[in-house]
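Working notes, structure below.
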Amino acid sequence: MTSSEPDVLVIGAGVSGLTTAVCLAEAGAAVKISAALPPDRTTSAVAGAIWGPHLVGLDDRVERWGATTLARLLELTAGPAAGPAGVRMVTGRQACRTVADPPGWAASLDGFRLCTDGELPEGFASGWWFTAPVMTMPVYLGYLLARFRAAGGEPDAGDEPGAGDEPGAAGPAGRLHGGHTFGSLDEAIASTTAGVIVNCSGMGARSLVPDAEMLPVRGQVVVTANPGITEFFIGLGDESAGLIYLFPHEDTVVVGGTEERGSWRLEPDPATAERILRDAAAIEPRLRGAGIVAHRVGLRPVRPAVRLEAEALAGGRTLVHNYGHGGAGVTLSWGCAADAAGLALGALGALGAPVRPAARD
């Protein structure tokens with residue numbers, strides 16, 4: 001691979017950054033990802049994760065972004081990529097502690113029906129069944145990274161989960177440089193001659209932009225061995241009790257959770273983990289005594305509305321923002337990535353810089 005500068009620099013290697021980079025690279029742009037953390041250490045890797053809007057600001061684009069993403073995820077569950085992508089269709093329940101109407105997006109999914117009284121756990125007053133894509137996030141992020149590299153990159157130690165920044169071994173069409181933290185967007189812009197910079201920095205946008213509207217909502221989960229659970233459960237929190245959820249992933253179950261607004265704590269709290277397991281076992285007794293595989297914490301990047309827009313930079317260059325997805329990063333990922341990539345590719349065209357396949361030795 002050559003060592004020339006890329007067309008586009010993407011900041012961030014969570015689900016939004018990787019999906020945007022995939023869209024750009026597969027369109028023929030030479031793309032470099034620069035990220036403070038590799039994909040398996042981002043908040044995206046902590047997610048349950050199921051398709052469905054959650055903790056995302058109101059925006060008339062959210063429905064369209066979600067529908068686009070759902071269609072792409074359904075394609076992954078139907079084709080040969082279903083196994084490698086870590087995406088499966090799973091049936092389960094979402095329940096409320098008060099009588100509530102189901103959201104419109106749930107009613108549009110396969111298998112939707114209201115729960116009968118006998119199907120609601122103690123303490124819940126309403127609920128509904130549906131079938132939706134569930135992602136094993138470490139696997140899914142690895143799938144996206146592989147697609148990014150297949151669009152023009154070569155294997156590089158800097159691309160591997162947990163690796164640091166190892167520049168120079170791969171060319172501009174598919175480079176991922178981990179361990180790189182920018183102090184500001186100005187620093188990021190000055191670091192490259194790329195015609196477009198795409199900001200997918202998630203919670204990092206609070207200091208990078210800086211964007212004071214960004215609010216961390218801490219989520220803690222426990223990953224256990226799977227004692228045979230095949231259905232998901234989501235028990236929405238209210239003033240009387242916290243959020244409860246469990247998502248089966250073949251050999252493991254992701255059990256949560258918390259929604260701690262304004263908390264920056266990244267270390268798992270043992271008392272919280274005990275509460276999570278106790279509450280989940282009340283819903284699914286088979287979790288009692290299940291072996292613990294891991295404790296994980298992530299900070300959901302909540303904002304009054306997703307920021308997805310372009311702004312002009314000096315010299316005719318463009319900065320595209322794609323962040324603030326709250327708890328719906330996966331749910332909106334392909335829709336937002338398509339819009340962000342469209343803005344980036346349009347800006348490259350305006351620069352007169354033709355999008356080109358990656359140059360190879």
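The values are calculated or read from the model by the stated rules, or taken from the named source; none is laboratory data. All values derive from a computational prediction rather than experimental measurement. Positions of Cβ are backbone-derived with ideal geometry, glycine not excepted, and every protein chain shown enters the neighbour counts. Just the protein is used for accessible areas: all its heavy atoms, side chains included, with ligands, DNA and RNA removed. Shrake-Rupley method; radii C 1.70, N 1.55, O 1.52, S 1.80 Å.
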**Asked** If you go through segment 278-316 one residue at a time, how many are in a strand (DSSP E or B), in contact (Cβ under 8 Å) with a residue 40 or more places away in the chain and open to solvent by less than 80 Å² (accessible area, probe 1.4 Å)?
**Response** 10
**Message:** Restricting to segment 228-272, name every residue that is open to solvent by 80 Å² or more (accessible area, probe 1.4 Å) and not charged (D, E, K, R).
**Reply:** 230, 240, 264, 266, 270
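Being of a type in the set (A, V, I, L, M, F, W, C), surrounded by fewer than 21 Cβ atoms within 10 Å (Cβ to Cβ) and part of a loop (DSSP other than H, G, I, E, B): is that true of residue 212 here? Break it down into steps so the answer makes sense when it comes.
Numbers: of a type in the set (A, V, I, L, M, F, W, C): yes; surrounded by fewer than 21 Cβ atoms within 10 Å (Cβ to Cβ): yes; part of a loop (DSSP other than H, G, I, E, B): yes.
For residue 212, the condition - of a type in the set (A, V, I, L, M, F, W, C), surrounded by fewer than 21 Cβ atoms within 10 Å (Cβ to Cβ) and part of a loop (DSSP other than H, G, I, E, B) - is met.
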**Prompt:** Taking segment 75-103 as the search range and keeping residues that are β-branched (Val, Ile, Thr) and farther than 17 Å from residue 139 by Cα, which one is surrounded by the most Cβ atoms within 10 Å (Cβ to Cβ)?
**Reply:** 91
